[in-house]
Amino acid sequence: MNLALRSGAVASAAALTLLLSACSASNEADPTTEAATTTDAATSAPATTLSGELNGAGASTQDTAMQAWRAAFQEQNPDLTINYDPVGSGGGRTAFLDGSVAWAGSDAALSEDEYALAVDRCGADGAINLPMYISAIAIAFNLEGIDTLNMDAATVANIFDGKITMWNDAAIAAQNEGVELPATAITIVHRSDESGTTKNFTDYLAKASDGAWPYDASGDWANSLGESGQGTSGVKQILTDTPGTIGYLDSSQAGGLGAVAVKVGDEYVVHSAEGAAAAFDAAAPAGVNGDNDLAFKIDRTTSAAGAYPVMLASYVIVCQTYDDAEVAANVTSFLEYTASAEGQTLAAEQAGSAPMSPALSEKVVAILEGIAANSGV
């Protein structure tokens with residue numbers, strides 16, 4: 001890739017970080033909006049001489065943002081075709097590790113075993129996780145006439161483990177004085193595929209419920225209760241079509257459903273981009289594969305005002321070096337755009353995500369620049 005073009009693109013992205021301070025994370029997207037619509041802000045995606053086909057796969061939570069990112073970037077790079085299969089986090093990591101795609105989107109960072117496999121896939125430096133999409137996980141329900149219900153983590157855990165089976169159970173009623181709860185059976189809805197959203201949701205249940213959730217955090221659902229749906233869209237469809245249901249899904253897809261406000265400290269907080277950002281601010285780096293590996297550990301028990309700890313930092317997983325310089329140029333240039341202030345603003349507008357801070361955005365872009373420079377040589 002022409003060095004001058006790459007430098008111009010990075011300079012453009014760096015300059016655009018000024019936009020982020022003016023961007024409100026409360027810009028929730030209307031789920032009915034066509035995600036691939038290119039906004040005025042998106043049309044200035046950096047133009048380069050990129051060409052060919054770039055394939056990624058993974059988290060369905062990123063799909064709304066990914067459609068917008070792809071549309072904006074391809075408009076300025078018409079010779080490059082970008083494909084993203086929202087097959088789920090587990091499927092995306094598998095496809096990346098077997099070399100089927102150049103990068104993966106995942107709501108869960110690489111596991112210890114996957115880091116080892118990535119050495120075979122990528123070379124001695126292996127792969128790293130870079131945050132790209134920060135979002136709340138909505139605990140959503142379908143009850144006619146009820147938009148919001150308060151619940152602490154133990155109550156949520158007991159519902160999803162089948163210990164609370166009716167909507168008018170005393171544990172729910174005690175936290176929702178004045179709400180007329182129906183004598184309706186609860187049907188839980190969970191993902192059928194291995195899912196980073198599931199892993200983050202069960203991580204919250206395991207760490208915040210004071211032992212009410214008896215399982216470890218996992219991308220695979222822990223019990224055989226309720227109904228299951230493939231991907232975010234499958235869960236949304238069941239929740240929308242079935243009264244009495246409760247499930248979990250990315251905040252961007254929760255429109256039209258009731259929402260649980262979870263107990264944080266002494267208050268109840270409903271899902272929002274601001275709440276996810278506040279929870280992410282309390283996260284600590286996991287530090288598994290060196291300084292460039294930006295996986296984070298989320299504090300699910302935070303009591304910070306306004307924080308919403310049922311959230312995820314969704315990553316892109318990339319090699320630290322690529323054998324093919326053209327592949328490296330394509331994947332890093334596209335992801336530099338998605339990580340830039342402009343790309344993060346577009347995701348906030350289209351998917352209701354929380355933009356990364358300017359400092360984190362700049363760090364991710366710098367890491368991607370380094371990958372491009374060190375690849376194919």
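The values are calculated or read from the model by the stated rules, or taken from the named source; none is laboratory data. This is a predicted model, so every value here is computed, not measured. Cβ placement follows ideal geometry from the backbone for every residue including glycine, while neighbour counts extend to all protein chains displayed.
A compact table of results
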item: Those residues of segment 220-242 which are under 17 Å from the mean Cα position of the chain (by Cα) and part of a helix (DSSP H, G or I), in sequence order; result: G231, T232, S233, G234, V235, K236
item: Unmet requirement for V310, which otherwise passes all of (1) among the hydrophobic types (A, V, I, L, M, F, W, C); (2) modelled with pLDDT of 95 or more; (3) assigned by TED's automatic domain parsing to the domain that holds S51; result: (3)
item: Given (1) in a strand (DSSP E or B); (2) over 30 Å from P358 (Cα atoms); (3) not charged (D, E, K, R), number of the condition N176 does not satisfy; result: (1)
item: Answer from T345, T338, T332 - the residue that is at pLDDT 95 or above, hydroxyl-bearing (S, T, Y), surrounded by fewer than 24 Cβ atoms within 10 Å (Cβ to Cβ) and in the same structural domain as N83 (by TED's automatic domain parsing); result: T345
item: Residue in segment 124-141 that is outside any loop (DSSP other than H, G, I, E, B) and among the polar types (S, T, N, Q) present; result: yes
item: Segment 91-114: number of residues that are of a type outside the set (A, V, I, L, M) and surrounded by fewer than 24 Cβ atoms within 10 Å (Cβ to Cβ); result: 9
item: Yes/no for D203 being farther than 22 Å from M166 by Cβ, part of a loop (DSSP other than H, G, I, E, B) and touching a residue at least 60 places away in the same chain (Cβ under 8 Å); result: no
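One line per residue, one yes/no per condition, for (1) at positive phi; (2) out of contact with any Ser or Thr (no Cβ under 6 Å at 6 or more places or on another chain); (3) outside the structural domain of A261 (by TED's automatic domain parsing); (4) of a type outside the set (D, E, K, R):
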residue: G99; (1), (2), (3), (4): yes, yes, yes, yes
residue: S106; (1), (2), (3), (4): no, no, yes, yes
residue: E114; (1), (2), (3), (4): no, yes, yes, no
residue: D120; (1), (2), (3), (4): no, yes, yes, no
residue: N150; (1), (2), (3), (4): no, yes, no, yes
residue: A153; (1), (2), (3), (4): no, no, no, yes
residue: V156; (1), (2), (3), (4): no, yes, no, yes
residue: I159; (1), (2), (3), (4): no, yes, no, yes
